[in-house]
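Engineer: Okay, here's the structure, questions in a sec.
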Amino acid sequence: MSKRKLLLIEDDPHISRFLKLELEHSGYEIILAVTGDQAMDLLEAEEPDLIILDVMLPVIDGFSILRFIREEVSEELPVIMLTARGEVNDRVKGLKGGADDYVVKPFHIEELLARIEALLRRQKKPRKLNYNALEMDVDKRELLISGKSVDLSKTEFDLLRVLLENKGIVMSKNKLLEIVWGVEDWGNPNVVEVYVNYLRKKLGKHGNLIHTVRGVGYVIK
């Protein structure tokens, strides 16, 4: 089996050297870029499976590179951003700009590895999800109920997708908040309840497939 290829965009030589060694030791192929220009060239030439992107880069910052990735390369390519401790605005800006996750410096390599594995594992999940009368095509972002199309907002669709991917598993509000909205310690879990109610209404009589587990979260069963 070929190694998964990661593009590491980090200009600090100590951090980049450490990460490259640790990630290669964990079985990944690492392509290193230390500037934004170099990163943009490598994106097209190397076709990485995932990108680790530092926010603070010289000349072209991480947010500009993220925008380039989402507009010119791929909307689906997983991106983990490295941000400075306490810079909540950077985390919010990155997630709103299309980043899939973030890791706050300084961090434990085990945390970064876990987040990489989670994103790569998510890529392998089936692109068509079915349960009861619900049929979801993830690539087309289309939901059918008993063969009829149902119009969902982006957030409603993503919330239902996560529940269907984990059917039978109780998902906590905080976990749903982290996956769907990309937030955890600074998010409001009540927004999950609001969108579950929206979703149940959109699903009509099939809304009762989404069960509330009091004090925990939600599950499709």
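The values are calculated or read from the model by the stated rules, or taken from the named source; none is laboratory data. Treat the numbers as computed from the prediction; the structure is a model and nothing was measured. Cβ coordinates were reconstructed from backbone atoms using ideal geometry, including for glycine residues, and neighbour counts include every protein chain displayed. Just the protein is used for accessible areas: all its heavy atoms, side chains included, with ligands, DNA and RNA removed. Shrake-Rupley method; radii C 1.70, N 1.55, O 1.52, S 1.80 Å.
Engineer: Being farther than 27 Å from GLY94 by Cβ, among the charged types (D, E, K, R), at pLDDT 90 or above and open to solvent by 20 Å² or more (accessible area, probe 1.4 Å) is the requirement here; does LYS205 meet it? So that I can check it myself, show each step before the final result.
Structural biologist: Working: farther than 27 Å from GLY94 by Cβ: yes; among the charged types (D, E, K, R): yes; at pLDDT 90 or above: yes; open to solvent by 20 Å² or more (accessible area, probe 1.4 Å): yes.
So LYS205 passes the test.
Engineer: I need a count of the residues in the range 71-81 that are at pLDDT 90 or above and either surrounded by fewer than 13 Cβ atoms within 10 Å (Cβ to Cβ) or not in a loop (DSSP other than H, G, I, E, B) (or both).
Structural biologist: Total satisfying the criteria: 3.
Every residue, every condition in (1) out of contact with any His (no Cβ under 8 Å at 6 or more places or on another chain); (2) part of a loop (DSSP other than H, G, I, E, B); (3) under 20 Å from PRO13 (Cα atoms), yes or no:
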| residue | (1), (2), (3) |
| --- | --- |
| GLU44 | yes, no, no |
| PRO58 | yes, yes, yes |
| ARG67 | yes, no, no |
| ASN89 | yes, no, no |
| GLY94 | yes, no, no |
| VAL103 | yes, no, yes |
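Engineer: Please determine, by comparing only the residues of the range 170-221 that are among the acidic types (Asp, Glu) and without any contact (Cβ under 8 Å) to a residue 12 or more places away in the chain, which one is farthest from ILE116 (Cα to Cα). First the steps, then the outcome.
Structural biologist: Step one: filter the range 170-221 for residues among the acidic types (Asp, Glu), giving 178, 184-185, 193.
Restricting the remaining residues to those that are without any contact (Cβ under 8 Å) to a residue 12 or more places away in the chain gives 178, 184-185.
Numbers: GLU178: 15, GLU184: 17, ASP185: 20 Å.
Only one residue tops the list, namely ASP185.
Engineer: Name the residues in the range 206-221 that are out of contact with any helix residue (DSSP H, G or I) (no Cβ under 7 Å at 6 or more places or on another chain) and farther than 12 Å from ASN132 by Cα, would you?
Structural biologist: Scanning the range 206-221 gives HIS211, THR212, VAL213, ARG214, GLY215, VAL216, VAL219.
Results for (1) touching a strand residue (DSSP E or B) at 6+ places or on another chain (Cβ under 9 Å); (2) within 30 Å of VAL138 (Cα to Cα), shown as yes or no for each residue.
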residue: SER16; (1), (2): yes, no
residue: PRO58; (1), (2): no, no
residue: ILE65; (1), (2): yes, yes
residue: PHE107; (1), (2): yes, no
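Engineer: Does the range 201-213 contain at least one residue that is assigned to a loop (DSSP other than H, G, I, E, B) and not aromatic (Phe, Trp, Tyr)? First the steps, then the outcome.
Structural biologist: First, the residues of the range 201-213 that are assigned to a loop (DSSP other than H, G, I, E, B): none.
Checking the range 201-213: not a single residue is assigned to a loop (DSSP other than H, G, I, E, B) and not aromatic (Phe, Trp, Tyr).
Engineer: Still on this model: Taking VAL219 as the residue in question, decide whether it is open to solvent by less than 60 Å² (accessible area, probe 1.4 Å) and outside any helix (DSSP H, G or I).
Structural biologist: yes
Engineer: For the range 93-150, which residues satisfy the criterion of being within 23 Å of GLY27 (Cβ to Cβ), open to solvent by 80 Å² or more (accessible area, probe 1.4 Å) and either in contact (Cβ under 8 Å) with a residue 24 or more places away in the chain or within 19 Å of the chain's Cα centre (by Cα) (or both)?
Structural biologist: The answer is GLU110, GLU117, ARG121, LYS124.
Engineer: Testing ALA45 on (1) more than 17 Å from the chain's Cα centre (by Cα); (2) in contact (Cβ under 8 Å) with a residue 40 or more places away in the chain, one condition comes back false. Which one is that?
Structural biologist: (2)
This table checks each residue for (1) open to solvent by 20 Å² or more (accessible area, probe 1.4 Å); (2) not β-branched (Val, Ile, Thr).
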site: ALA39; (1), (2): no, yes
site: GLU44; (1), (2): yes, yes
site: ILE51; (1), (2): no, no
site: VAL59; (1), (2): yes, no
site: GLY62; (1), (2): no, yes
site: ILE65; (1), (2): no, no
site: PHE68; (1), (2): yes, yes
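Engineer: Sticking with this one: Quick check: anything in the range 166-182 assigned to a loop (DSSP other than H, G, I, E, B), touching a Leu at 6+ places or on another chain (Cβ under 6 Å), modelled with pLDDT under 90 and open to solvent by less than 70 Å² (accessible area, probe 1.4 Å)?
Structural biologist: Taking every residue of the range 166-182 in turn, at least one turns out to be assigned to a loop (DSSP other than H, G, I, E, B), touching a Leu at 6+ places or on another chain (Cβ under 6 Å), modelled with pLDDT under 90 and open to solvent by less than 70 Å² (accessible area, probe 1.4 Å).
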